[in-house]
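The values are calculated or read from the model by the stated rules, or taken from the named source; none is laboratory data. Quick caveat: nothing in here was measured; it's all calculated off a predicted structure. Here the Cβ positions follow ideal geometry from the backbone for every residue, glycine too, while neighbour counts run over all protein chains shown. Quick note on the areas: whole protein, heavy atoms, side chains included, nothing else; ligands and nucleic acids left out. Shrake-Rupley method; radii C 1.70, N 1.55, O 1.52, S 1.80 Å.
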Amino acid sequence: MKNIPHYDKVLDVGAGSGKYGMMLRDYFNNIDALEIYHPYIVKFDLHSIYKRIFCSDIMDFDISEYNYLIMGDIIEHLTIENAQELLSYINNSGKKCLVAIPYEMQQDEVGGNIYEKHLQPDLTEDNFIDRYPYMKLLFNNELYGYYVNYDFI
């Protein structure tokens with residue numbers, strides 16, 4: 001929290017159940033959600049958590065108004081090429097982002113949601129940094145990693 005002003009405009013990409021929104025909505029004045037799977041918006045009542053909700057694919061969404069993007073469990077659902085394009089655009093635009101990924105996790109669609117399939121099930125700390133060299137490890141354990149594209153204290 002020391003690295004992100006509370007007035008930054010934040011987008012929670014792939015909001016899912018809204019966990020990041022619930023954790024951060026008291027700190028950030030402006031936190032919106034992007035969720036590709038409309039049934040999650042209803043099931044998890046995302047309208048009660050976020051200022052605005054958008055139902056779209058991050059690859060088709062205009063992120064220009066946001067300063068900070070939270071991408072918890074998103075990158076593994078994109079092809080390597082799409083993820084590289086997206087993270088490169090974010091990084092080159094001067095936007096900050098947090099990326100959270102599971103390590104080496106196979107997953108197909110869940111409950112009829114085709115977007116749950118992991119297209120990068122082979123992610124590890126090493127190959128994540130190889131694929132996305134401008135990302136920095138914030139924290140990890142044997143199962144999961146958190147990365148940012150900026151220097152932190």
Equivalent ellipsoid, the chain (semi-axes from 5 times Cα gyration tensor eigenvalues, Å): 22, 20, 14
Over the chain: helical MRE at 222 nm, DSSP H runs n ≥ 4 each giving -39500 (n - 2.57), nearest 500: -5500 deg cm²/dmol
Radius 14 Å from Cβ of T79, net charge of other residues (Lys, Arg +1; Asp, Glu -1): -3
Percent accessible area from carbon and sulfur atoms, the chain, protein chains only, probe 1.4 Å: 51 percent
Electrostatic dipole magnitude of region 1-46 [Cβ: Lys, Arg +1; Asp, Glu -1; Cα centre; debye, to 20]: 100 debye
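Which whole-number value in Å² is the accessible area per residue of the chain, probe 1.4 Å?
52 Å²
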Bridge type composition, the chain - antiparallel percent by DSSP, nearest 5: 40 percent
Only Lys, Arg (+1) and Asp, Glu (-1) charged, at Cβ; the chain dipole about Cα centre in debye: 700 debye
Cα-only radius of gyration and Dmax that characterise region 1-59, units Å: 11.1, 34
Residue-level accessible surface for R52, protein heavy atoms, 1.4 Å, Å²: 90 Å²
Among E35, E85, E125: highest mean-square fluctuation, GNM of the chain, C-alpha pairs under 10 Å: E85
Mean separation of Cα contacts under 8 Å, 6 or more apart, over the residue count of region 1-129: relative contact order %: 22 percent
25 Å Cα-Cα threshold exceeded, pairs from K2/K43; K51/K136; K51/K95; K19/K136: K2/K43; K51/K136
